Amino acid sequence: MKDKITEKKVGCKIFCRQPIKTKILTPEDDIIDIVLSYTEGYRKPGDVIVMSESPVAITQGRAINEKDIKIGFLARILWRGVKKVPYGVGLRSKTSMQCAIDECGVIRIIIASICGAIGKLFGIRGLFYKIAGMQAALIDAAHTSPVPPYEGTVIKGPIHTNEICEEIYTKTGNDAVIMDINDIGGSWVIGKSAGIDAPLLEEIMNDNPQGQQMELTPLCLVWEKKCSD
């Protein structure tokens with residue numbers, strides 16, 4: 001099912017964004033099959049297929065119920081040092097911090113924490129995530145997703161993102177991209193097929209046309225508007 005088409009002007013060009021509604025995805029779903037099925041009849045040659053990162057991760061079994069997360073001593077200490085941000089909890093919870101430790105390793109998280117603390121003393125922000133890596137930055141804390149049954153889960157970032165996008169390109173002829181987008185202008189490409197202009201897609205999508213509440217639109221088609229459109 002398609003949703004309302006919106007437009008975004010970038011430079012002298014106008015781009016159309018068409019969110020695609022799906023069912024609630026589960027680990028039993030294959031993201032390639034979901035993309036092929038739900039964009040069938042809507043995707044056109046030249047369209048870019050955009051996928052939201054959390055639903056992709058869910059299909060990979062990377063949504064972990066917080067009740068199943070065994071919180072260690074390090075996570076109980078480090079989560080308090082994470083700064084509150086307006087776009088989400090991130091690692092400022094024991095369970096999401098534990099997932100970061102599990103994902104990135106104890107040594108890397110300790111080094112990242114030390115460097116992050118030193119950086120703050122000199123007014124340098126973001127060192128923790130630069131050292132810990134993308135997977136630490138992509139973790140969504142429990143109770144930040146409103147979509148059942150994932151309200152009480154920590155969602156780790158998706159893996160094999162470039163491979164997924166390349167496979168979609170092979171099967172559809174459409175370039176594909178996996179993005180992490182929030183409601184306050186954050187827009188990052190975390191996986192793409194070879195033909196994607198990442199900075200351009202980030203600018204096209206930075207007003208989050210898909211939404212991140214109960215819209216259930218994890219897919220979006222993007223294309224440049226022509227004079228005949």
Qualifying position, being polar (S, T, N, Q), in the same structural domain as residue 125 (by TED's automatic domain parsing), under 21 Å from the mean Cα position of the chain (by Cα) and farther than 18 Å from residue 190 by Cβ, among 98, 18: 98
Could you pull out the residue among 50, 35 that is β-branched (Val, Ile, Thr), in a helix (DSSP H, G or I), surrounded by 18 or more Cβ atoms within 10 Å (Cβ to Cβ) and touching a residue at least 60 places away in the same chain (Cβ under 8 Å)? 35
Determine, yes or no, whether residue 14 is touching a Lys or Arg at 6+ places or on another chain (Cβ under 9 Å), under 22 Å from residue 162 (Cα atoms), among the β-branched types (Val, Ile, Thr) and not in a helix (DSSP H, G or I). no
Matching entry among 43, 80 (being closer than 21 Å to residue 165 by Cβ and of a type in the set (Lys, Arg)): 43
Considering only the range 170-187, state which residues are out of contact with any Leu (no Cβ under 9 Å at 6 or more places or on another chain) and either within 12 Å of residue 50 (Cα to Cα) or hydrophobic (A, V, I, L, M, F, W, C) (or both). 175, 176, 178, 181, 184
Among the listed residues 35, 48, 89, identify the single one that is aliphatic (A, V, I, L, M), on the phi < 0 side of the Ramachandran plot and in contact with a Ser or Thr (Cβ under 7 Å, 6 or more places away or on another chain). 89
Residue 154 versus (1) surrounded by 15 or more Cβ atoms within 10 Å (Cβ to Cβ); (2) outside any loop (DSSP other than H, G, I, E, B); (3) free of Cβ contacts under 8 Å to residues at least 40 places away in the same chain: which is the lone unmet condition? (3)
Considering each of 190, 178, 159 in turn, give the residue that is in a strand (DSSP E or B), surrounded by fewer than 23 Cβ atoms within 10 Å (Cβ to Cβ), of a type in the set (A, V, I, L, M) and under 17 Å from the mean Cα position of the chain (by Cα). 190
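The values are calculated or read from the model by the stated rules, or taken from the named source; none is laboratory data. Keep in mind that what you see is a predicted model, and the values were worked out from it rather than measured. Glycine gets a Cβ as well: all are built from the backbone with ideal geometry, and neighbour counts include every protein chain shown.
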